[in-house]
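**Student:** To start, I am sharing the structure in question, which I have written as structure tokens.
The values are calculated or read from the model by the stated rules, or taken from the named source; none is laboratory data. Keep in mind it's a predicted model, so treat the numbers as computed, not measured. Positions of Cβ are generated from backbone atoms using ideal geometry, with glycine treated the same way; all protein chains shown enter the neighbour counts. We work out accessible area using only protein heavy atoms, side chains counted, and drop any ligands, DNA or RNA first. Shrake-Rupley method; radii C 1.70, N 1.55, O 1.52, S 1.80 Å.
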Amino acid sequence: MNRQNDGPGAPGLIYLDNGATSFPKPDEVYRFMDEFYRRFGVNPGRSGYDLCIESGDLVETTRRQLCAFFGGSDPNRLVFGYNATDALNLAIFGLLEAGDHAVTTHLEHNSSLRPLWHLEQRGVAVDWVDFDGRGYIDPDEVIARLRPHTRAVVINHGSNVIGTVQPVAPIGAACRARGIPLVLDVSQTAGMIPLDVEALGAGVICFTGHKSLMGPMGTGGMYVHESVELRQTRAGGTGVRSAQRHHLEEYPYRMEYGTPNLPGIAGLHAGVKWVQQQGVAAIHRFELDLWRRLRDGLRDIDGVVLHCADDDGSGERISVLSFNVPGLVAADVGTMLDVDHGIACRTGLHCAPMVHEHLGTDRIHGSVRFGLGPLNTAAQVDTAVAAVAEIAALARR
Ligand SMILES: Cc1ncc(COP(=O)(O)O)c(C=O)c1O
């Protein structure tokens, strides 16, 4: 990987919390955000003067860039929001209402779980599919739950806790055949593994910009396939046809509300460009090499429990790894990694409580999670393994 980022962050910090957000970003992202926002930071597409046209052009260029990135065919159906949570809310509330049925999994993040739990209280029936011991759902089990009144299937493509990537293509094909939108949460996989809306059979792809797409926080959105219509659950300014009393029906306005995050979209544009220059497949290969090094190192430490870290090549995965050190709660391990070793990681339930209920780690306040990124190095991984070995030895005393 093109690693030009040893500067930002605390000196000497080893940042292994890329599952939460990628950090640091490639230099190009910081530079382009700053330059673009200084020169063209006016409300995009709202007026006819040159600066406004320039800022609007960047939004449309990024729309086309991301549409192509996800294999979409209509850039207008690539809509910008503020993160994956925002997109998942628009998709889930835009598809389901009382009397409908939905299918989802125990691997979901709270950004899907909470909207679905909310709707369950209001007359939507939800079927929950569990994952197996290796961390994968069985596509046939999801397909078997589809009903005539199923209006959405909601699946987290890549687990932010155990890193398994779900085999969604057969589910997508079954959903497309029945006219059911597959809402795919690609928060963890976009920019990490190649994605194609047609190959996946997705109805709505919900993405966040600040993880492996290398953009800033406050960016994200969705690609809505031509076969899917989302009900509007918000209304507001669009900058066009302002006299109209109802929100515009056509995409992208249909799902965009108010002034967009222009500096964020500029950063996202630069982040996706960087990812495309490196190549998503090359990034995935690089991160999985680091992940195996980390997994093998941690596996050799007496007592350390790794969660769903088998890698026999039969399932896809991303580069997050969760583990526990017996005798210590995850938060204490996180503090020791931070204070004694200068390593930043994530601890707790990672906003995915049902995964922990399945693993039994809900009773011990969750797990420790290392999330690797394209700017990490083998030396950093080795330091992290040595640090966990030291912590585990202390816990055994
Ligand atoms: C699988 C998954 N879904 C959704 C989200 C929510 O992303 P955001 O906080 O950017 O909305 C995350 C972030 O951690 C995630 O890992």
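**Student:** Restricting the search to region 71-89, which residues are buried (at least 20 other Cβ atoms within 10 Å of the Cβ) and either more than 12 Å from the ligand (Cβ to nearest atom) or small (Gly, Ala, Ser) (or both)?
**Tutor:** Within region 71-89, Gly72, Arg77, Leu78, Val79, Phe80, Gly81, Ala84, Ala87 meet the criteria.
**Student:** Which residue pairs have Cβ atoms under 6 Å apart, sit 6 or more places apart or on different chains, and have a first residue in region 203-218 that is farther than 21 Å from Gln277 by Cβ and assigned by TED's automatic domain parsing to the domain that holds Glu256 and a second that is open to solvent by less than 10 Å² (accessible area, probe 1.4 Å) and within 10 Å of the ligand (Cβ to nearest atom)?
**Tutor:** These pairs meet every condition: Ile205/Val186; Cys206/Ala84; Cys206/Ala87; Cys206/Leu88; Cys206/Asp185.
**Student:** Residue under question is Pro181, and the condition is that it be closer than 16 Å to Ser112 by Cα and open to solvent by 10 Å² or more (accessible area, probe 1.4 Å); does it hold?
**Tutor:** Numbers: closer than 16 Å to Ser112 by Cα: yes; open to solvent by 10 Å² or more (accessible area, probe 1.4 Å): yes.
It is true that Pro181 is closer than 16 Å to Ser112 by Cα and open to solvent by 10 Å² or more (accessible area, probe 1.4 Å).
**Student:** Just name the residue that is least open to solvent (accessible area, probe 1.4 Å) out of those in region 139-172 that are outside any strand (DSSP E or B), in contact with an Asp or Glu (Cβ under 7 Å, 6 or more places away or on another chain) and away from the ligand (no atom under 16 Å from the Cβ). Let's see the steps before the verdict.
**Tutor:** Let us first name the residues in region 139-172 that are outside any strand (DSSP E or B), namely 139-149, 157, 159-163, 166-172.
If we keep only those that are in contact with an Asp or Glu (Cβ under 7 Å, 6 or more places away or on another chain) as well, we get 145, 149, 157.
Adding the requirement that they be away from the ligand (no atom under 16 Å from the Cβ) leaves 145, 149.
Details: Arg145: 55, His149: 74 Å².
The extreme case among them is Arg145.
**Student:** Arg38 passes all but one of (1) farther than 30 Å from Ala144 by Cβ; (2) at pLDDT 95 or above; (3) open to solvent by less than 20 Å² (accessible area, probe 1.4 Å); which number fails?
**Tutor:** So the condition that Arg38 fails would be (3).
**Student:** Follow-up question, since we're still on this one. Looking at (1) surrounded by 24 or more Cβ atoms within 10 Å (Cβ to Cβ); (2) away from the ligand (no atom under 13 Å from the Cβ), which one does Gly220 not meet, given that it meets all the others?
**Tutor:** (2)
**Student:** Out of (1) touching an Asp or Glu at 6+ places or on another chain (Cβ under 9 Å); (2) away from the ligand (no atom under 12 Å from the Cβ), the odd one out for Ala199 is which?
**Tutor:** Result: Ala199 fails condition (1) only.
**Student:** Also, quick follow-up: Residues of region 184-209 being touching a helix residue (DSSP H, G or I) at 6+ places or on another chain (Cβ under 6 Å), of a type outside the set (A, V, I, L, M, F, W, C) and open to solvent by 10 Å² or more (accessible area, probe 1.4 Å), which ones?
**Tutor:** Selection gives Ser187, Pro194.
**Student:** Give me the helices (runs of 4 or more DSSP H) completely within region 236-352, filtered to those with at least 2 residues that are without any contact (Cβ under 8 Å) to a residue 24 or more places away in the chain, ordered by residue number. Spell out how you get there, then give the answer.
**Tutor:** On the way: elements: 262-278, 280-299, 330-341.
Where helices (runs of 4 or more DSSP H) fall fully within region 236-352 and carry at least 2 residues being without any contact (Cβ under 8 Å) to a residue 24 or more places away in the chain, they are 280-299, 330-341.
**Student:** Tell me, yes or no, whether region 224-235 has at least one residue that is at pLDDT 95 or above, assigned by TED's automatic domain parsing to the domain that holds Tyr82 and β-branched (Val, Ile, Thr).
**Tutor:** Looking for residues that are at pLDDT 95 or above, assigned by TED's automatic domain parsing to the domain that holds Tyr82 and β-branched (Val, Ile, Thr), one finds at least one in region 224-235, hence yes.
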